[in-house]
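Structure first, commentary second.
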Amino acid sequence: MKPEEVKRMEEEDEDEEFVGLNVDSNLLEIVPVLFKSESEVELFYDGFIEKVHDNKRLRKHQDNRKLMNEAFLEELLKYYDVDVINDAINGITHEEPTMDADNERDADRVLRNVFSNKNEFRMFMTHISQYMMECNDTPVEAAAKSMKRLDKSDTDILKVTSIIDKIF
């Protein structure tokens with residue numbers, strides 16, 4: 001389910017800026033470019049709306065476009081670095097490397113063997129996110145630290161980090 005602000009934005013004319021969020025339209029247009037799936041877009045907007053509601057200054061000054069643009073960019077920076085955001089604004093696209101079907105099956109098999117259950121895998125992903133956000137680690141570094149935290153063997157760490165290295 002999309003937030004009401006996003007629904008209203010989609011109903012608006014493309015040339016108009018979305019008044020509900022009071023953010024420049026060029027910033028709103030890059031969100032679907034950066035986030036590939038609808039669920040990621042919804043998650044981003046949910047996070048931004050929550051940020052506005054939680055921040056007293058933003059909540060009181062929603063009519064201040066400059067302040068709202070800064071908050072919107074700040075929320076985008078949680079997910080992407082400045083260069084990627086600038087490229088999206090300027091219309092520069094990057095090809096994402098994809099894994100072929102055989103490599104994908106191998107990665108799936110390795111992950112199923114390394115992690116004993118879904119909860120352990122979820123903890124792995126949670127730790128990765130934490131290390132990437134708090135320590136600014138690369139995905140490979142964060143995966144290695146996360147695996148260590150879950151007491152995985154060095155061979156398992158190497159298997160999983162090599163998969164993540166291929167992806168990123």
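The values are calculated or read from the model by the stated rules, or taken from the named source; none is laboratory data. Keep in mind the model is a prediction, meaning the values are calculated, not measured. Neighbour counts are summed over all protein chains in view; Cβ atoms, including those assigned to glycine, are modelled from backbone coordinates with ideal geometry. These accessible areas exclude ligands, DNA and RNA; they are computed on the full protein's heavy atoms, side chains included. Shrake-Rupley method; radii C 1.70, N 1.55, O 1.52, S 1.80 Å.
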If ligands, DNA and RNA are left out, what is the accessible area of V160 with a 1.4 Å probe, given in Å² to the nearest 10?
0
Considering only the other residues whose Cβ falls under 11 Å of the Cβ of T126, what net charge follows from Lys and Arg at +1 and Asp and Glu at -1?
+1
Heavy-atom accessible area of the stretch 110-160 with neighbours in place, 1.4 angstrom probe: carbon+sulfur share in percent works out to 54
May I ask you to list the GluC sites (Glu not before Pro) in the stretch 66-168 that are in a DSSP loop and have at most 16 other Cβ atoms within 10 Å of their Cβ?
E95
On a 26 Å Cα-Cα criterion, which of the cross-link pairs K78/K152; K51/K159; K56/K78; K118/K145 come out too long?
K78/K152; K51/K159
